[in-house]
Amino acid sequence: MSSPAPAPSTHFIHNIILDDLKSGRAETVVTRFPPEPNGYLHIGHAKSICLNFGIVQEFGGKCFMRFDDTNPLKEDEEYEQSILEDVRWLGFDWEERLTHASDYFEQLYGYAEELIQQGKAYVDSLSAEEIRGQRGTLTEPGEDSPYRDRSMEENLTLFQRMRAGEFAEGEQVLRAKIEMVSPNLNLRDPVLYRIRKVSHQRTGTAWCLYPLYDFTHGLSDALEGVTHSLCTLEFEDHRPLYNWILDQLETPARPRQYEFSRLNLQHTVLSKRKLIQLVEEKRVAGWDDPRMPTISGLRRRGYPPEAIRRFCERIGISKAANNIDMGVLENCVREDLDPKVPRAMVVLRPLKLTITNWPEGHTEELDAPRHPKRPELGRRTVPLSKTVYIEQEDFSEEPPQGFQRLVPGGEVRLRNAYVVRCDEVVRDGSGNIVELRGTYDPDTAKGKKPEGRKVKGIIHWVSASRALPVEVRLYDRLFTAPNPGADQPEGNFLQDLNPDSREVLPQAWAEAGLAGTESGTRFQFERLGYFMTDPVDSCPEHPVFNRIVTLRDSWGGKNR
């Protein structure tokens, strides 16, 4: 797999690494991307992926793809495989460096015994609730556990019995022995190991004793020779514990942790807990629902990986809190797709237009570019016959000011074809408009202007005789509020779900050239937006297109 060439960096982590290489503190750069296999990755993870893999491409180092699989209660093989697929799809390759925290369970256990032997860890028989009660607050110190002064020999024996499965879950834990009066709550004798009597997805029933993330993270970094452990800012208060653990033990390497701000994106949620809730309560159609901010959802919707990498580069790396407008991401998608994808005409909400002066049974094959600015992409043939479909919204009997489409007695140009005039409106028994009748000017082919008349409007259309029936799904922002739940009672983010985030149009018509389109093919539907064939539901007998993004950012106005 060929990885994308990294763009030159200028952020603070880049400068730290540059200084470390110049000073000799680091001979090469080693990073890691360490997700938990307990859910699908989202756009926020993409920022970390691009940073960790991108920085080593820039400096010629190595990045480990490491799964933090220390909680078998929530982990699943499905999640692990989806994560690997997402990282590959974004364009990055870990080569032979696929690891798991579970690879190091035996070494981690040995390090825990060393801490016990040094008198820096002890087995605590308090319950989880009792430990929380004695932890203290930000303004009040914690209390020592009555088991804090157990002897080294007793702690070691108890810890070995924990491993042997002699205790029930929650009956014993291993805690670091630091200080209960520290202003940093993470240093108040944190729990390092707990008992979990469930099967692990990789180690089976070999272990019933599992290390916590804070203990596992730094030691796994050290075992892999990581030089720069890059985390989001919520781990900043954990760094003293990260350092304390490494300072007590002899390890193959001494990594350093650096923090950057996490990605916050408006009109969506990036909390794994909330994303799981959306899936489990069936508020969406699954992890790959095209409205979801998951990488698999964005991929199914039609977002190109290049656009996501561009977005991550554009928002940058800093320590400043951010809340990025969704329009920034959508503009990156437009910038990527506009010069690449071919054009096509599709009518979403059809209205029949009969050209009364068109010869009966005649079809004219018109010539149109596949891309207006890329002649190398070639041309396409668009058939025109007596009856065409136009968009319902491209006709108005009582047009608003500035309306430049079709009106009774008015003229528009059919894109790549002729100027037509509306002469008659046909209604059904309920008064609904079911057809327009008009005439075309045969002297206006190939963009020729009509004599003595100015026609401003241009609309797209599809010939009824050769139209391809397709299903089109219009996706929009999943939440109406920029910060879902922020203004709702008890922060109920579900109250801000956008009821119009998905609209299915089962009776759209496409130009004939879209027949047989392969799954995952992207187009610009002229005047409508960018679309891609759905990789799950689309088939030759029933083409399904997902709207990737509109032609321009019209959120707050009419986006549909």
> Counting just the residues of region 19-48 that are closer than 15 Å to residue 61 by Cβ and surrounded by 14 or more Cβ atoms within 10 Å (Cβ to Cβ), which one comes out modelled with the lowest pLDDT?
Replying inline: 26
>> Quick check on region 280-288. Is at least one of its residues of a type in the set (Lys, Arg) and not assigned by TED's automatic domain parsing to the domain that holds residue 99?
In response: yes
> For region 182-210, what are the residues that are touching a residue at least 40 places away in the same chain (Cβ under 8 Å), charged (D, E, K, R) and touching a strand residue (DSSP E or B) at 6+ places or on another chain (Cβ under 8 Å)?
Replying inline: 189, 196, 202
>> Here is a list: 493, 479, 523. Which entry is in contact with a Gly (Cβ under 7 Å, 6 or more places away or on another chain) and not assigned by TED's automatic domain parsing to the domain that holds residue 359?
In response: 493
> Quick check: is even one residue across region 136-149 farther than 13 Å from residue 193 by Cβ, of a type outside the set (Asp, Glu) and surrounded by 18 or more Cβ atoms within 10 Å (Cβ to Cβ)?
Replying inline: yes
> Are there any pairs with C-beta distances below 9 angstrom linking a residue in region 428-446 that is more than 16 Å from residue 408 (Cβ to Cβ) and in the same structural domain as residue 369 (by TED's automatic domain parsing) to a residue that is aromatic (Phe, Trp, Tyr) and not in a helix (DSSP H, G or I), with the two at least 6 apart or on different chains, and if so which?
Replying inline: 440/358; 440/418; 441/418; 442/418; 443/418; 444/418; 445/418
>> Looking at (1) outside any helix (DSSP H, G or I); (2) in contact (Cβ under 8 Å) with a residue 12 or more places away in the chain, which one does residue 179 not meet, given that it meets all the others?
In response: (2)
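Test residue 58 against the stated conditions and say whether it is touching a residue at least 12 places away in the same chain (Cβ under 8 Å), surrounded by fewer than 19 Cβ atoms within 10 Å (Cβ to Cβ), in contact with a helix residue (DSSP H, G or I) (Cβ under 8 Å, 6 or more places away or on another chain) and over 13 Å from residue 230 (Cβ atoms). Reasoning before the result, please.
Details: touching a residue at least 12 places away in the same chain (Cβ under 8 Å): yes; surrounded by fewer than 19 Cβ atoms within 10 Å (Cβ to Cβ): yes; in contact with a helix residue (DSSP H, G or I) (Cβ under 8 Å, 6 or more places away or on another chain): yes; over 13 Å from residue 230 (Cβ atoms): yes.
In short, yes.
Report yes if residue 365 is without any contact (Cβ under 8 Å) to a residue 40 or more places away in the chain and either buried (at least 17 other Cβ atoms within 10 Å of the Cβ) or part of a strand (DSSP E or B) (or both), otherwise no.
It is true that residue 365 is without any contact (Cβ under 8 Å) to a residue 40 or more places away in the chain and either buried (at least 17 other Cβ atoms within 10 Å of the Cβ) or part of a strand (DSSP E or B) (or both).
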>> Could you check region 488-510 and list, in sequence order, the residues that are in contact with a helix residue (DSSP H, G or I) (Cβ under 8 Å, 6 or more places away or on another chain) and in a loop (DSSP other than H, G, I, E, B)?
In response: 488
> Of these, 480, 517, 533, which one is of a type in the set (Val, Ile, Thr), buried (at least 20 other Cβ atoms within 10 Å of the Cβ) and under 20 Å from the mean Cα position of the chain (by Cα)?
Replying inline: 533
> Looking at region 8-67, which of its residues are among the β-branched types (Val, Ile, Thr) and in a loop (DSSP other than H, G, I, E, B)?
Replying inline: 10, 28, 29
>> Among the numbered criteria (1) within 30 Å of residue 368 (Cα to Cα); (2) touching a residue at least 40 places away in the same chain (Cβ under 8 Å); (3) polar (S, T, N, Q), which one does residue 483 miss?
In response: (1)
> Exactly one of (1) touching a Phe, Trp or Tyr at 6+ places or on another chain (Cβ under 6 Å); (2) under 29 Å from residue 326 (Cβ atoms) is unmet by residue 481. Its number?
Replying inline: (1)
> Taking region 20-48 on its own, how many of its residues are free of Cβ contacts under 8 Å to residues at least 60 places away in the same chain and of a type in the set (A, V, I, L, M)?
Replying inline: 1
>> Condition first: surrounded by 13 or more Cβ atoms within 10 Å (Cβ to Cβ) and more than 28 Å from residue 298 (Cα to Cα). Can you find one or more residues in region 78-91 that meet it?
In response: no
> Could you give every pair whose Cβ atoms fall below 8 Å, whose first residue belongs to region 316-339 and is in a loop (DSSP other than H, G, I, E, B), and whose second residue is among the aromatic types (Phe, Trp, Tyr), counting only separations of at least 6 or pairs across chains?
Replying inline: 317/12; 317/260; 318/12; 318/260; 319/12; 319/260
>> For a quick check of your reading of the model, give me the residue pairs whose first member lies in region 226-239 and is closer than 17 Å to residue 25 by Cα and among the small types (Gly, Ala, Ser), whose second is assigned to a helix (DSSP H, G or I) and modelled with pLDDT of 95 or more, with beta-carbon atoms closer than 8 Å and at least 6 apart or on different chains.
In response: 229/217; 229/218; 229/221; 229/242
> Among 391, 411, which is among the acidic types (Asp, Glu), at negative phi, surrounded by 15 or more Cβ atoms within 10 Å (Cβ to Cβ) and in contact with an Asp or Glu (Cβ under 9 Å, 6 or more places away or on another chain)?
Replying inline: 411
> Consider residue 471 against the criteria (1) closer than 12 Å to residue 411 by Cβ; (2) assigned to a strand (DSSP E or B); (3) under 41 Å from the mean Cα position of the chain (by Cα): it satisfies all of them except one. Which criterion is unmet?
Replying inline: (1)
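The values are calculated or read from the model by the stated rules, or taken from the named source; none is laboratory data. Keep in mind it's a predicted model, so treat the numbers as computed, not measured. FYI the Cβ positions are ideal-geometry reconstructions off the backbone, even for glycines, and counts take in every protein chain you see.
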